[in-house]
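Note sheet for the following structure.
The values are calculated or read from the model by the stated rules, or taken from the named source; none is laboratory data. Being a predicted model, the structure only gives us computed values, none of them experimental. Backbone-built Cβ (ideal geometry, glycine too); neighbour counts: all protein chains shown. Keep in mind that these areas ignore ligands, DNA and RNA; they rest on the heavy atoms of the full protein, side chains included. Shrake-Rupley method; radii C 1.70, N 1.55, O 1.52, S 1.80 Å.
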There are 2 protein chains.
Amino acid sequence: MKNIGLAIHGGAGTILRSMMTPGKQGAYENGLQSALDAGYKILESGGTSLDAVETAVKFLEDCPLFNAGRGSVFNHEGQHEMDAAIMNGADLAAGAVCSVKGIQNPVSLARAVMEKSEHVFLGSTGAEAFAKHLGFEILPDTYFHDDLRYEQWQEALKDDTIRLDHTERKFGTVGAVALDRHGNLAAATSTGGMTNKKFGRIGDSPVIGAGTYANDATCAVSCTGHGELFLRAVVAYDVSSLMAYKNLSLEEATHEVVMKKLVKIGGEGGLVAIDKAGNIALPFNSEGMYRAWKNKSGQAVLIYKDTDTKI
Amino acid sequence: MKNIGLAIHGGAGTILRSMMTPGKQGAYENGLQSALDAGYKILESGGTSLDAVETAVKFLEDCPLFNAGRGSVFNHEGQHEMDAAIMNGADLAAGAVCSVKGIQNPVSLARAVMEKSEHVFLGSTGAEAFAKHLGFEILPDTYFHDDLRYEQWQEALKDDTIRLDHTERKFGTVGAVALDRHGNLAAATSTGGMTNKKFGRIGDSPVIGAGTYANDATCAVSCTGHGELFLRAVVAYDVSSLMAYKNLSLEEATHEVVMKKLVKIGGEGGLVAIDKAGNIALPFNSEGMYRAWKNKSGQAVLIYKDTDTKI
């Protein structure tokens, strides 16, 4: 069988063992494992990398633990505004949505934008109208309600100032990258953004080249981190460019971008990436990153920094 | 005096001499010349590239001939939804807005996002709330009314199908890139998008790395073209990457991206770019591109393909 591989993430940031209970840790690990298994099964049975990343991300969107889909944080108005993107490395087709409400799986709406519209990027109420037009169900706010997220929002509201501050140093995003047996790469990313976010803030997740990118000639990348810095550094495409133009390996390119270039500008976070040979890299410069991977060499579900991530 | 330089564009596409009257051509040329002069004056008097590109783009936004600001086309709902971005090559600071209505100069709102928020990218009604918060005037739809644009919209409505089609092969965008005497580069882009656009479509203009990018180490780039293809090709950052990682010159890098890579995927359009030495490139693969440039070597205001654009 040809090489196949899948890597996923559920966000990066200040994730410390000291802040975790065994029960909570187990729940996160189960969530990651389920998403990994669901996506990998598709690859094993000869399915496409596009289906694998969409399926893995849908699992993470449906799990209330992760800040995407059902588990999306509350924005300043107490609503859940989500962003997502997907890209096909075979033909550079891409789809993305930003600031959408009431969509169970924004990653699937991003895929519909890619496959059923002539556009790449749809936003806000327009994207929701497109979803309705295609028969997507628009869910009530209650679907996205979670007591913990609600408390986080209430606390953020208390401290609220007129500045566009965010204080939580956890970057909730989910994402997946995959290589299928046809040799095609794909990437997908989805997020609920920042707690108490205002003014329609859009991060890197739905931006092709910043939070999400796939190209069969180089790699597939999905990012999680301080979105503003990732946007300014065009992170995902930078990894691809370093491979294409400087002949760096996936490991070298992702290390250069995450551990050097991002660190230099204070861009906290990480990414998951895979190349056409099935090599996987999961670098991050924050305390932790919820992540999992599987390929012919093995598999792992990981959270902390002190876990060996060398594959 | 150190090298300074400015290049601007007012959109690309099927712009043919046969479709132009002398009066119309003169009006376009005057609009470009005014914007060029206003921006260049700032550079000559020691001002920043950031001020120069913002000023030049504001001139183009205020001119009803160009599809940005006042001259923005009608969307499907008969409104004017605008996108803009600005980036400072000195520190990679960036600001962008998408799908904003009622703003006279979206480029100035993008600059406010960069300088007065902790964010890079704000969208839709949230971005408008941010504008109001800062004291930006919210203008009525009538400010953006133009009989020609209205007729274009009515015609587009007649042919309207359920598909996200666009038939006009003219990519209305305005943009500017500049080098100031401090050696700093900047880029800005602004657009009213596509006539009769639906579903909150966002193009490449406000996307850092796609339609707009500036980095003192390489170049400043502002694009105009079929936004979806420019998004998928991460055009502006690709030019920068080719210079940074393959040591191509500005001319070589822009030629590679616009005349080879974009042509290969059917990405019609062009860009204006400047490097730290003040070299300017204005390649386009469409029939024409409204464009103008000025540096120590001279200046020109150009529209058609058969005009010599070699500097």
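Here each label is just a point 7 Å from Cα along the line to Cβ, and for residue A:134 and residue B:157 those points are 2.7 nm apart. The residues of chain A present an accessible area of 35 Å² per residue when probed at 1.4 Å with all protein chains retained.
Comment: the Cα-to-Cβ extended label point of residue A:20, at 7 Å, lies 6.4 nm from its counterparts in the other copies, nearest first. Peptides A:242-251, B:237-246, B:146-155, A:206-215, ordered by how many other C-beta atoms sit within 10 Å of their residues on average, highest first, read A:206-215, B:237-246, A:242-251, B:146-155. Computed from the C-alpha gyration tensor, the three semi-axes of the ellipsoid equivalent to the protein assembly as shown are 38, 26, 23 Å, from longest to shortest. Burial annotation for region A:193-209: residues with an accessible-area loss of at least 40 Å² between the isolated chain and the complete set of protein chains, computed on heavy atoms with a 1.4 Å probe, are A:199, A:202, A:208.
With θ taken as phi - 60° and the Karplus curve 6.51 cos²θ - 1.76 cosθ + 1.60 applied, the whole-hertz 3J(HN,Hα) list for region B:135-150 is x, 5, 6, 9, 8, x, 3, 4, 4, 8, 6, 9, 4, 5, 4, 5 Hz, x standing for glycine and proline. The residues of region A:101-150 listed by number as losing at least 20 Å² of accessible area in the complex, against the isolated chain and with a 1.4 Å probe, are A:118, A:119, A:120, A:121, A:122, A:123, A:124, A:126, A:130, A:133. Please give the FRET efficiency for residue A:34 paired with residue B:150, using the beta carbon to beta carbon distance and R0 = 51 Å, rounded to the nearest 0.05. My answer for the efficiency is 0.45. Rounded to the nearest 0.05, what FRET efficiency do residue B:251 and residue A:41 give with R0 = 45 Å and r taken as the Cβ-Cβ distance? Could you check? That gives a FRET efficiency of 0.35. Per residue of A:242-252, other chain Cβ atoms within 10 Å of the residue Cβ number 2 on average. What FRET efficiency do you get for residue A:260 and residue A:115 if R0 is 45 Å and r is their Cβ-Cβ distance, rounded to the nearest 0.05? Given R0 = 45 Å and the Cβ-Cβ separation, E is 0.75.
Would you compute, from DSSP H runs of 4+ residues alone, the mean residue ellipticity of chain A at 222 nm, taking -39500 (n - 2.57) per run and dividing by the full residue count, rounded to the nearest 500? Computed ellipticity for chain A at 222 nm equals -9500 deg cm²/dmol. For chain B, averaging the sequence separation of C-alpha pairs within contact (under 8 Å, six or more residues apart) and dividing by the residue count gives a relative contact order of 25 percent. Taking label points 7 Å from Cα along the Cα-to-Cβ direction, residue A:305 and residue B:125 give a separation of 4.1 nm.
DSSP assigns beta bridges within chain A; of those with both partners inside it, close to 95 percent run antiparallel. Local charge sum around residue B:88 (other residues, Cβ-Cβ under 13 Å, Lys/Arg +1, Asp/Glu -1)? Its environment carries a net charge of -4.
State the Kirkwood hydrodynamic radius of region B:5-275 in Å, one decimal place, computed from all pairs of distinct Cα atoms. So the Kirkwood estimate lands at 18.2 Å.
Pairs of Lys residues in region B:5-275 are counted when their Cα atoms are under 15 angstrom apart and they lie 8 or more places apart or on different chains; the count is 8.
Sorted shortest first, the separations between the residue A:154 label point and its copies elsewhere in the assembly read 5.7 nm; each point sits 7 Å from Cα along the Cα-to-Cβ line.
Each residue of region A:201-216 was assigned a 3J(HN,Hα) from its phi angle through the Karplus curve 6.51 cos²θ - 1.76 cosθ + 1.60 (θ = phi - 60°); the sequence is 4, 10, x, 7, 3, x, 8, 4, x, 8, x, 9, 6, 8, 8, 4 Hz, with glycine and proline shown as x.
Surface composition of region A:5-275: carbon and sulfur make up 50 percent of the accessible area, probe 1.4 Å. Interface between chains B and A: roughly 3800 Å² of accessible area buried, both sides summed (probe 1.4 Å, protein heavy atoms only).
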